[in-house]
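> Right, I'll just put the structure down here and ask away after.
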Amino acid sequence: MEYQKEPAPREIFTGVKVPPQGPPLDCEKFITAKEVDQLLSQLPFTGELEAASLAQMVVVPHHALAADLTAEALLKAGAAEKDLFILIGPNHANQGPQVLVSDQSYQSGPYLLKNRLAGDFQISKALTEKELAVCDTSYFATEHSIGVPAALLAQINPNAEILPIICRWELSLNQGAQLFSILAPLLDEKTLVIASIDFSHHLTAEEATNRNHQMIHLILEEKISQVQRLDSTYLDAPGIMAALMNHAQSHQMTPFLLRKATAADYLGPGYLGETTSYLTILYY
């Protein structure tokens, strides 16, 4: 499910758009609508979270185990008040085009999150005509980096739209900058960019905690080129994280660490196996 080694060099694909494939993608396979409902019922949508609703970007986990961290960060980022979610996550299979987009909607129980690309030919054309991205829904069918946060977003704000994007491991800084440049017309105060990233993998709880501390330093100190070169013992999407940091730096956004945790925090003090670690970060 997660990376264990560096992938092969990227392939080159043309930006041919694939027609929509069937009904909305049911998020039940990633996290059930009942689980999302129970999770959100424990978190406030208003009050103490309102002050943080000016966030322009947010980093969240996609591991369902840490869905409470994802939900809290989305709410603190003002997701309930946004019109569009640009959700960018890793292509865990690391197959197909370098950047993939989907024009399929997402559904969690009765809640439907419509896809912006289905009705916006201009942005779809901009993404695909220069061969940066390919629109193909088939790669998203089992991709939990989109499915888990999409399930939460569908219940947090079903009136909004989603633009799902997945990127291969070797996304370069230039490609990331090009992606944000194409998305620029959509990046207003009613849009939330969401980077769906899990951090360290396959380490002990102690090692994962140390990796989190190192990642926090690199992110808060804006060490973009260093993040770009990291492996999966630090995070599962270095290219996406570096692209996000680069965009934030160029637009004078400030990162704010919200939470840090590891899977061992959920699995109990007796757990001695490999863990995944998590950070939630708001950008203003």
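The values are calculated or read from the model by the stated rules, or taken from the named source; none is laboratory data. None of these values were measured; they are calculated from a predicted model. Quick reminder, even Gly has a Cβ in these numbers, built from the backbone with ideal geometry, and neighbours come from all protein chains shown.
> Which of the residues spanning the stretch 265-284 are assigned to a loop (DSSP other than H, G, I, E, B) and either among the charged types (D, E, K, R) or under 11 Å from residue 58 (Cβ atoms) (or both)? Before the answer, list the steps.
Residues of the stretch 265-284 that are assigned to a loop (DSSP other than H, G, I, E, B), as a first pass: 268-274, 276, 284.
Once the filter is applied, which keeps residues that are assigned to a loop (DSSP other than H, G, I, E, B) and either among the charged types (D, E, K, R) or under 11 Å from residue 58 (Cβ atoms) (or both), the stretch 265-284 yields 274, 284.
> How many residues are buried (at least 21 other Cβ atoms within 10 Å of the Cβ) and either without any contact (Cβ under 8 Å) to a residue 12 or more places away in the chain or part of a helix (DSSP H, G or I) (or both) when one looks only at the stretch 231-262?
Of the residues in that region, 10 qualify.
Conditions (1) buried (at least 22 other Cβ atoms within 10 Å of the Cβ); (2) in contact with a Gly (Cβ under 8 Å, 6 or more places away or on another chain); (3) over 22 Å from residue 74 (Cβ atoms), marked per residue:
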residue	(1), (2), (3)
125	no, no, yes
128	yes, yes, yes
141	no, no, yes
155	no, yes, no
160	no, no, no
180	no, no, no
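> Checking residue 135 against (1) modelled with pLDDT of 95 or more; (2) within 18 Å of the chain's Cα centre (by Cα), which single condition isn't satisfied?
Only one criterion in (1) modelled with pLDDT of 95 or more; (2) within 18 Å of the chain's Cα centre (by Cα) is unmet by residue 135, namely (1).
> Can you tell me which of (1) part of a helix (DSSP H, G or I); (2) closer than 30 Å to residue 37 by Cβ is the one residue 159 doesn't meet?
It is condition (1) that residue 159 fails.
> Consider residue 195 carefully, then state whether it is in a helix (DSSP H, G or I), of a type outside the set (S, T, N, Q) and surrounded by 15 or more Cβ atoms within 10 Å (Cβ to Cβ).
Against the criterion (in a helix (DSSP H, G or I), of a type outside the set (S, T, N, Q) and surrounded by 15 or more Cβ atoms within 10 Å (Cβ to Cβ)), residue 195 does not qualify.
> Shifting gears a bit: If you scan the stretch 202-230, which residues turn out to be within 22 Å of residue 275 (Cβ to Cβ), in a helix (DSSP H, G or I) and either of a type in the set (Ser, Thr, Tyr) or touching a His at 6+ places or on another chain (Cβ under 9 Å) (or both)? Quick ask: steps written out before the conclusion?
Pass one, the stretch 202-230, residues within 22 Å of residue 275 (Cβ to Cβ): 202-219, 227, 230.
With the extra rule that they be in a helix (DSSP H, G or I), the set shrinks to 205-219, 227.
If the condition is that a residue be within 22 Å of residue 275 (Cβ to Cβ), in a helix (DSSP H, G or I) and either of a type in the set (Ser, Thr, Tyr) or touching a His at 6+ places or on another chain (Cβ under 9 Å) (or both), then 208, 209 are the ones that fit.
> If you take the residues in the stretch 80-105 that are surrounded by fewer than 24 Cβ atoms within 10 Å (Cβ to Cβ), of a type in the set (Gly, Ala, Ser) and touching a strand residue (DSSP E or B) at 6+ places or on another chain (Cβ under 8 Å), which one is modelled with the lowest pLDDT?
The qualifying residue modelled with the lowest pLDDT is 96.
> Assuming residue 205 fulfils every condition listed in (1) within 20 Å of residue 69 (Cα to Cα); (2) at pLDDT 95 or above; (3) more than 19 Å from the chain's Cα centre (by Cα); (4) not β-branched (Val, Ile, Thr) apart from one, which condition is it?
Here residue 205 clears every test but (2).
> Got at least one residue in the stretch 114-129 being farther than 21 Å from residue 180 by Cα and either in a strand (DSSP E or B) or touching a strand residue (DSSP E or B) at 6+ places or on another chain (Cβ under 8 Å) (or both)? Walk me through it before giving the result.
Looking only at the stretch 114-129, we keep the residues that are farther than 21 Å from residue 180 by Cα, and these are 114.
Then drop every residue that is not either in a strand (DSSP E or B) or touching a strand residue (DSSP E or B) at 6+ places or on another chain (Cβ under 8 Å) (or both), which leaves 114.
Yes.
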